[in-house]
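Read the structure below first, then the notes.
Just so you know, all these numbers are worked out from the coordinates, no wet-lab data involved. Remember, predicted model here, so these are calculated numbers, not experimental data. Every residue, glycine as well, gets a Cβ built from its backbone with ideal geometry; the counts of neighbours run over all protein chains shown.
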There are 2 protein chains.
Amino acid sequence: MTFSTSFVSDIRFGEGVHATIATSAGALEARGVLVVMDGFLAASGLGEQLAAQFAAAGIAAEFFSDFAGEPKLAHVQAASDAARGKDLVVGIGGGSALDIAKIAACVAAADEAPMHYALAAHPLPRKPLKKIMVPTTAGTGSETSATTIFAGPEGKKLWIWGAETKADLVLLDPLLTVTLPATLTAWCGLDAFVHAFEAATNRNAHGGAALYAHAALRLLTEALETAVKNPADIDARGKVLLGSCYAGIAIDNCGTAIAHNISHALAGLAPVHHGLATALGFEATLAWLAEADTADLAAAAHACGLSDAALLPGFVSDLMDRCGIARALPKAFSAFSADDLAREMRAPENQPMRRSTIRDVSDADIDRIAAAMIALPKTL
Amino acid sequence: MTFSTSFVSDIRFGEGVHATIATSAGALEARGVLVVMDGFLAASGLGEQLAAQFAAAGIAAEFFSDFAGEPKLAHVQAASDAARGKDLVVGIGGGSALDIAKIAACVAAADEAPMHYALAAHPLPRKPLKKIMVPTTAGTGSETSATTIFAGPEGKKLWIWGAETKADLVLLDPLLTVTLPATLTAWCGLDAFVHAFEAATNRNAHGGAALYAHAALRLLTEALETAVKNPADIDARGKVLLGSCYAGIAIDNCGTAIAHNISHALAGLAPVHHGLATALGFEATLAWLAEADTADLAAAAHACGLSDAALLPGFVSDLMDRCGIARALPKAFSAFSADDLAREMRAPENQPMRRSTIRDVSDADIDRIAAAMIALPKTL
């Protein structure tokens, strides 16, 4: 066993810790701060509350909420421009807000535009602005990862990756997640579950990251259904949020596998929620994957409270049932065939997730999986 | 549940990772390096091997091995002077080498002497030299902690504490621990076990650090006896080394408790190995502690594979038996009475460990515990 594990170095968890955002920025010696925040959150009263926090701390804070949906180049460009001259960026919201904040904090440290760094064309500035990440959904794990995703000028998904994008401080406040609707709680929670599962069982899995991945599987197994059904249950919300964060650390170290190949391939065809797409791809492949019967699969099963990896497919389908996840794709997928999806699954950018899968993924496997995915009802 | 967990941000584990010390220093952009290394290690061939590594990497490296036993002011002063003008310090050896390296990396970043920073008299320089820590014993967890201990001008134990002392990179190589004698393997391993146990069960315990503490208890329960009895078992050595590192993260976040009050009090009277003193203090108080019957004690028991906290005292005594730990103090303790030890246990510097203990520690408890400790044979 040999491994290398990197972590976000400071995580603070608890009901109400979002009240410490401005004082935490002060402790990081910030004088000028850009807050990248989902627009609906800014409008919810949280924007005013945060502005008051920064005023009380004597820190100049500017707010940026001019984005919606998945991050696009225009968003990250505008946020980067807004961050210039500041010394700290707060990202607060879902994965999009966090990714935009992480990119802006890096790009603003030099004179180049975001595209200069896309797909690792050039190394990121060595001294990015400091970053505080405050997730309000529990799923992407973006708060702990070294990666970001945005749509380039032609709408193609691009990424900016590097240790420079990592947060200096993560604040996990379950209070900020209680308004997340049940459907999104379920989709994001399953995304986190699959992050943990794939990081713990793929070809890059190692004992260092398994510590986090197994903790995430335990927390999500224990609390996700409750968080979906009883949205105000702070204890369950906290466990799901912490599980999502740990799952993010796990994938940041070990990456994902076939379920993410499928969800990225689906997203290449038409808009679909990443968590839903991942959950559907996971369910469609888990029985096949579990046949590999590796020690890592057995350990992941144990973390879910199961005696054997063979029980995993039934467990996951039941978890998805209990979380009310409909097995269906958005209507837009009616326009695509299994061949279209298989082509996306074979696209170069999705091969790392294919190769990291613990079983060899043959072309026949891809055709079979793509057919099963496209056979799902297109009713969402 | 609210907690704040801080981590060393990069841990690399594996047989042979010590061969990457110089290239890792290069990746951290080091041009001039001070290597603080136990003298016997430097003489063992590892010194030459490391010098060759640095030469091959084109990095100027100076070696400092002019210390023995627990760190004294003269050692940390000389190491700090040697580190001036360098940009990275490697600590390789037991807890003493690591503590000296951590202090030197901080002190060398400014013009003051080490005593300027002792007991937090002044804040540490904000931009310390970079640090790579490579433990060759498995116990202190110094590689992951923000604290250091050294003896001041009058021989009194002092500490220098701060996030600035933390390593940028920890390299855990079980190969470097195979020559550790059985007695030291056992003493250091028990020290790590108690770190994990106290961090997981004291008044400061929280879920964030419990992740590491429980992992450490599992690893040490599984592998310590094997590492003692079969010193060349790399798998067991690795588990003990990783367990010790995780236990260090746990105490770095949550601190220790009564067993460390006792071991520090014993060290205030006469020289005694810290791991032995801690193990003896732990065994002498565990049955009393376990009566508290908290959820944290139960969780720690589960991590040791036990169904109930009431089984902990028997388990720990058996573990100490299996690891061949003699229940005895060094001969020098013949000169001291239970009152002497009780006085040290009540000394101001040992009160944080008394207060953090999950049960209230009354003066009568201290007298009783001190009497039990001093009643041990003084035959070492």
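Table for the structure above
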| read-out | value |
| --- | --- |
| Calculated label separations, A:Ala335, copies of the chain, 7 Å along the beta-carbon direction, nm | 8.8 |
| Rounded to 5, percent antiparallel among DSSP beta bridges of the protein assembly as shown | 30 |
| Rounded tilt (10° steps) of A:182-201 against the dominant C-alpha axis of chain A | 70 |
| Chain A, helix-only ellipticity at 222 nm - DSSP H runs n ≥ 4, -39,500 (n - 2.57), divided by all residues, nearest 500 | -15000 deg cm²/dmol |
| Distance violations [Cα-Cα > 27 Å] among A:Lys102/A:Lys239; A:Lys86/B:Lys131; A:Lys102/A:Lys156; B:Lys72/B:Lys229 | A:Lys86/B:Lys131; B:Lys72/B:Lys229 |
| Rg/Rg_ref, segment A:317-380, where Rg_ref = 2.2 N^0.38 Å and atoms are Cα | 1.26 |
| Highest-MSF residue in chain B out of B:Gly69, B:Gly32, B:Gly281 [GNM, Cα springs under 10 Å] | B:Gly69 |
| Mean Cα-pair separation over length for segment A:5-78, i.e. relative contact order, pairs under 8 Å, 6 or more apart, % | 35 |
| Distant-in-sequence amide H partners of B:Leu329 (H built 1.01 Å from N, under 5 Å) | B:Lys378, B:Thr379, B:Leu380 |
| Gaussian network model of chain A, Cα within-10 Å springs - most flexible of A:Ala52, A:Ala60, A:Ala27 | A:Ala27 |
| Stretch in chain B that is longest and holds no trypsin sites (Lys or Arg not before Pro) that DSSP places in a loop and that have at most 15 other beta carbons within 10 Å | B:204-326 |
| Modelled FRET efficiency - R0 22 Å, A:Trp161 with A:Ala270, Cβ distances, 0.05 increments | 0.30 |
| Label-point separation, A:Arg126 to A:Ala52 (7 Å along Cα→Cβ), nm | 4.4 |
| Percent RCO, i.e. relative contact order, over chain A, from Cα pairs under 8 Å lying at least 6 residues apart | 15 |
| Convex hull projection area averaged over all views, segment A:179-374, Cα basis, nm² | 9.7 |
| Cα-based helix-to-principal-axis angle, A:234-254 vs chain A, degrees rounded to 10 | 80 |
| Rg/Rh ratio calculated on Cα atoms of segment A:151-224 (Kirkwood radius) | 1.03 |
| Where Rh is the Kirkwood radius over Cα pairs, Rg/Rh for segment B:95-184 | 1.00 |
| Label zone at A:Lys331, where the point sits 7 Å out along the Cα-to-Cβ direction: segment A:360-380 residues whose backbone N lies under 12 Å | A:378-380 |
| Residue mean of other protein chain beta carbons inside 10 Å, B:205-218 | 2 |
| Chain A: most fluctuating residue of A:Ala199, A:Ala210, A:Ala109 per GNM, C-alpha cutoff 10 Å | A:Ala109 |
| Length added when fully stretched, B:Asp363-B:Ala310, from 0.36 nm per residue minus Cα-Cα | 16.6 nm |
| Pseudo-label separations to other copies for B:Gly155 - Cα-to-Cβ vector, 7 Å, nm | 8.0 |
| Cα lying deepest toward the dipole's positive end in segment B:183-374, options B:Leu286, B:Ala298, B:Ile234, charges on Cβ | B:Ile234 |
| Packing-based exposure ordering (other Cβ within 10 Å, fewest first) of B:Leu220, B:Leu41, B:Leu297 | B:Leu41, B:Leu297, B:Leu220 |
| Equivalent ellipsoid semi-axes - Cα gyration tensor, segment A:284-330, angstrom | 22, 13, 7 |
| Over chain A - Rg/Rh using Cα atoms and the Kirkwood inverse-distance radius | 0.96 |
| Relative contact order (%) - segment A:179-374, alpha-carbon pairs under 8 angstrom, separation at least six | 27 |
| Using θ = phi - 60° and Karplus 6.51 cos²θ - 1.76 cosθ + 1.60, couplings along segment A:278-283 (whole Hz; Gly, Pro as x) | 5, 4, 5, x, 5, 4 |
| Taking all pairs of distinct alpha-carbon atoms in the protein assembly as shown, Kirkwood radius in angstrom | 27.2 |
| Per-copy distances of the B:Gln49 label point, shortest first, in nm (7 angstrom along Cα→Cβ) | 5.6 |
| 3J(HN,Hα) from dihedral phi, segment B:315-328, Karplus parametrisation 6.51/-1.76/1.60, rounded to Hz, x for glycine, proline | 4, 5, 4, 5, 4, 5, 4, 4, 8, x, 7, 6, 8, 7 |
| Segments A:42-49, B:19-26 sorted - mean Cβ within 10 Å per residue, highest first | B:19-26, A:42-49 |
| Relative intensity, log₁₀ I(q)/I(0), of segment B:11-176 from a Debye sum that treats every alpha carbon as a point, q = 0.14, 0.16, 0.18, 0.21 Å⁻¹ | -0.61, -0.81, -1.03, -1.43 |
| For B:10-19, mean number of other protein chain Cβ atoms within 10 Å | 4 |
| Karplus-derived 3J(HN,Hα), 6.51/-1.76/1.60, for each residue of segment A:126-139, Hz, glycine and proline x | 5, 10, x, 5, 5, 9, 10, 10, 10, x, 10, 10, 10, x |
| Sparse-neighbour loop sites [GluC sites (Glu not before Pro); segment A:116-186; at most 12 other C-beta within 10 Å; DSSP] | A:Glu154 |
| Sequence-distant residues sharing a close amide H with A:Val90 (under 5 Å, placed H) | A:Leu34, A:Val35, A:Val36, A:Ile132 |
| Antiparallel bridges, percent of DSSP beta bridges restricted to chain A (to nearest 5) | 20 |
| Simple spin-label estimate for A:Ala287 and B:Gln351 in nanometres, 7 Å along Cα-Cβ | 6.6 |
| B:Leu172 long-range amide H proximity, modeled H, under 5 Å | B:Arg12, B:Phe13, B:Gly14 |
